[in-house]
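Read the figures in this text as sums done on the coordinates, not as results from a lab. The model shown is predicted, which means the values in this text are computed figures rather than measured ones. FYI the Cβ positions are ideal-geometry reconstructions off the backbone, even for glycines, and counts take in every protein chain you see.
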Ligand code: PGA
């Protein structure tokens, strides 16, 4: 792996501001001797102001609106997120796509807005089980990436998270060969779209646990993880970090 690995927690709709502060303090004291690793905590909007992350820890939001301000009741703009010391924003998570009907065109507007503000989008892509069974994985990845990046001049600031939808929260992990081919495909698609771009981080997400982290991080093309369930518990999250930190 040529990159500093990124280990990103995705807390989804879990943890109050007080619980978030406690977790962060615990995490700092249980992760000693971190070298060459970046740890991202994607917390609910309400927890973004509850702690100041110090490197190698960084804060991420889990979503945003693409407009700077306006009559959009219940929405949060990138500027609001940025002022709270946030570095990353997750976009296009499969739960946003499937539960909230987020379209590739919405995701594209969000990515443009995040990039303009100087923050970094973590763009989630991945196929459903029926896409995979119908041999449609490559088409889906191609389509999601192309549409997400429309009108983006460069991709130097982006991170991709490959998350097969059927592996999220199910305990099923994609096989190492499946992950390898999806990650290499993503890199090939990006290189086709941006021939001059540098190689970017492609994280794997979908039932990453302490017991599989050590082998998954060695899969060619994988430069980190986006972790849901196992990131909510201090012991399992720390154990994943430690497994990656010694590689
Ligand atoms: P999981 O979630 O680790 O619980 O499968 C991953 C994600 O939704 O990002």
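In Å and from the alpha-carbon atoms only, list the Rg and Dmax of the chain.
My reading of the Cα-based Rg and Dmax gives 16.9, 48 Å.
Using a Förster distance of 41 Å, how high is the FRET efficiency between residue 73 and residue 147, based on the Cβ-Cβ distance and rounded to 0.05?
FRET efficiency, residue 73 to residue 147: 0.95.
Please give the length that would be gained between residue 157 and residue 215 if that part of the chain were fully extended, namely 0.36 nm times their separation in residues minus their C-alpha to C-alpha distance (nm, one decimal).
Full extension of this stretch gives 18.2 nm more.
State, to one decimal in nm, how far the label point of residue 188 lies from the label point of residue 99, with both points 7 Å from Cα in the Cβ direction.
3.4
So the label point goes 7 Å from the Cα of residue 109 along Cα→C-beta, right? Which residues of the range 142-169 then have their backbone N under 17 Å from it?
It comes to 147-152, nothing else.
With each run of n ≥ 4 DSSP H residues scored as -39500 (n - 2.57), what mean residue ellipticity at 222 nm is computed for the chain after dividing by its residue count and rounding to the nearest 500 deg cm²/dmol? Intermediate values should be presented prior to the final figure.
On the way: 9 runs with 93 residues, N = 247.
My calculation for the chain gives -11000 deg cm²/dmol from helical runs alone.
Give me 159, 128 sorted ascending by neighbouring Cβ count inside 10 Å, so fewest comes first. Before the final figure, lay out the partial values.
Numbers: 159 24, 128 17.
Fewest to most other Cβ atoms nearby, the residues stand as 128, 159.
Just grab the label-to-label distance for residue 198 and residue 52, each label 7 Å out from Cα along the Cβ direction, in nm (one decimal).
2.8
Suppose the chain between residue 172 and residue 13 were pulled fully straight at 0.36 nm per residue; how much longer would it get relative to their current alpha carbon spacing?
55.1 nm
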